[in-house]
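In what follows, a structure is listed as structure tokens, so that the remarks can point back to it.
No lab work stands behind these numbers, since they all come straight from the coordinates. Worth saying up front: this structure is predicted, and the values here are computed from it rather than measured. In this analysis, Cβ positions are derived from the backbone assuming ideal geometry, glycine residues included, and neighbour counts consider all displayed protein chains.
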Amino acid sequence: MNLNKLLRKNIKNLVPYSSARDEFSGDGKVFLDANENPFNAPYNRYPDPLQKMLKRKISDIKGVSREQIFLGNGSDEPIDLLIRAFCEPETDNIVTIDPTYGMYQVAANINNVAIRKVSLSPGFVLDPMNVLHAVDLHTKLIFLCSPNNPSGNNLSRSAMLHIVRNFKGIVVVDEAYIDFSPGNSLLSDLQTHQNLVILQTLSKAWGLAGIRLGMAFAAPEIVAVLNKIKYPYNLNILTQQKALELLENKTVVENWVSTLISERKRVSEELEKLDIVQKINPSDANFLLVAVNNAPDLYQKLIKLGIVVRDRSKVHLCADCLRITIGSPEENDLLLKALKTF
């Protein structure tokens, strides 16, 4: 991979904004450099633009260097920044699988970048040759989601690595749901594949969707590009503090994940007993994609009972499917009780 050839020319030549907190690091006593209000500490101060303490903790947990970590406002920020950095509007394109997480297409559309969709095979199976055949000279990024959303299944590890090895651009593997999966993350492959970017998040297993913290793991050269073009203070001080607080308590998160995996199995087994259920797709995530009789109608019936699931009927390969997030045991009981009445 030649990063300079992949980068947009204006991004390669860009002089990034330099904030007061970029220019000074150390143990100052009197800060008169950033036009901050001297009152209402600590919220009167700008947050660390490079989130050094947070990256140190994530580095320990994930087993990667701090230079390989980019932190963003949810995973949506690095998705947008990757497209903005490497794809020339009206010229370049990205390739995605179909169906998959919708923000890859939205971010491409916002940046006026073409998108090429490659259908998964029945059973939501990834064919690496189909993906590579969709690539042309203007393809800069391939997005893969594993476990995939909305199907819930892991993509084949060997298939994903085949794409990484045979594509001269950047392959982004979104592992938002990896904590619920028996499959291993591709983090261990970062050292040997410089064109690999892995997305993870604190929104799912870590229960922190409300603070919006996404993680991108990549070669230091790619992380440097993302840091170059991000907004200076993209993660506020409250987000950084709350993330550090929970990262210190991994046992709680492990218990949550264990409970949700157990509940996923229980809910799946109970759904199989219902006449309205046609098929339950195997899931490695914290949700189930369930084919039912007349999904739109069933969705509305559940809404009237105050139970909200997601109707995915109009999504490719998901006709008459509801996506059901695994909730607490009590929430799951309410869902199952309601479904048994229909």
Computed over region 251-339, Cα set: Rg, Dmax in Å
12.9, 41
Please get the size of the charge dipole for region 50-159, origin at its Cα centre, with Cβ charges of +1 on Lys and Arg and -1 on Asp and Glu, quoted in debye to the nearest 20.
580 debye
Using 1/(1 + (r/R0)^6) with R0 = 30 angstrom and r between the beta carbons of Leu274 and Val125, what's the FRET efficiency to the nearest 0.05?
0.70
If you average 1/r over all unlike Cα pairs in region 187-280 and invert the result, what Kirkwood radius do you get in angstrom?
16.5 Å
Lysines with Cα under 19 Å of Lys242, excluding same-chain neighbours fewer than 8 positions away
Lys52, Lys55, Lys57, Lys62, Lys204, Lys250
Which label belongs to the value computed from this structure, given these candidates for P(r) over Cα pairs in 20 Å bins from 0, in percent: (i) 30, 57, 13, 0; (ii) 31, 61, 7; (iii) 28, 54, 17, 0?
(iii)
Here the FRET efficiency for Val30 versus Lys5, based on Cβ atoms and R0 = 41 Å and rounded to 0.05, is 0.30
Which residue, chosen from Tyr233, Leu339, Asn293, occupies the Cα position most advanced towards the positive end of the dipole of the chain, where the dipole is computed from +1 (Lys, Arg) and -1 (Asp, Glu) charges on Cβ about the Cα centre?
Tyr233
So for each of 140-150, 119-129, 288-298 I average, over its residues, the number of other beta carbons within 10 Å; can you give me the resulting order with the highest mean first?
140-150, 288-298, 119-129
Please give the net charge around Pro150, taking every other residue with its beta carbon less than 10 angstrom from that of Pro150, where Lys and Arg add +1 and Asp and Glu add -1.
+3
Protection proxy (average C-beta count within 10 Å per residue), highest first, orders 3-16, 153-166 as 153-166, 3-16
With the dipole of region 251-339 worked out from charges on the C-beta (+1 for Lys and Arg, -1 for Asp and Glu) around the Cα centre, which of Leu317, Pro282, Leu302 lies farthest toward the positive end?
Leu317
Using 7 Å Cα-to-Cβ label points, what is the Asn293/Glu254 separation (nm, one decimal)?
4.5 nm
Along each principal axis of its Cα atoms, how long is region 1-65 end to end? Whole angstroms, biggest number first, please.
48, 33, 18
Per residue Cα convex hull volume for region 1-130, in cubic angstrom?
194 Å³
Which distance in nm do the two modelled labels at Val106 and Asn166 give, with both placed 7 Å along the Cα-to-Cβ direction?
3.3 nm
Can you give the helix-only mean residue ellipticity at 222 nm for the chain, where every DSSP H stretch with n ≥ 4 adds -39500 (n - 2.57) and the sum goes over all residues, rounded to the nearest 500 deg cm²/dmol?
-10000 deg cm²/dmol
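Treating only the Cβ atoms of Lys and Arg (+1) and Asp and Glu (-1) as charged, compute the dipole magnitude of the chain about its Cα centre; round to the nearest 20 debye.
300 debye
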Taking the Cα centre of each part, how many Å lie between region 23-64 and region 98-150?
37 Å
Candidate aspartates and glutamates - alpha carbon under 15 Å from Lys117, same-chain residues fewer than 8 apart omitted
Asp92, Asp98, Asp127, Asp136
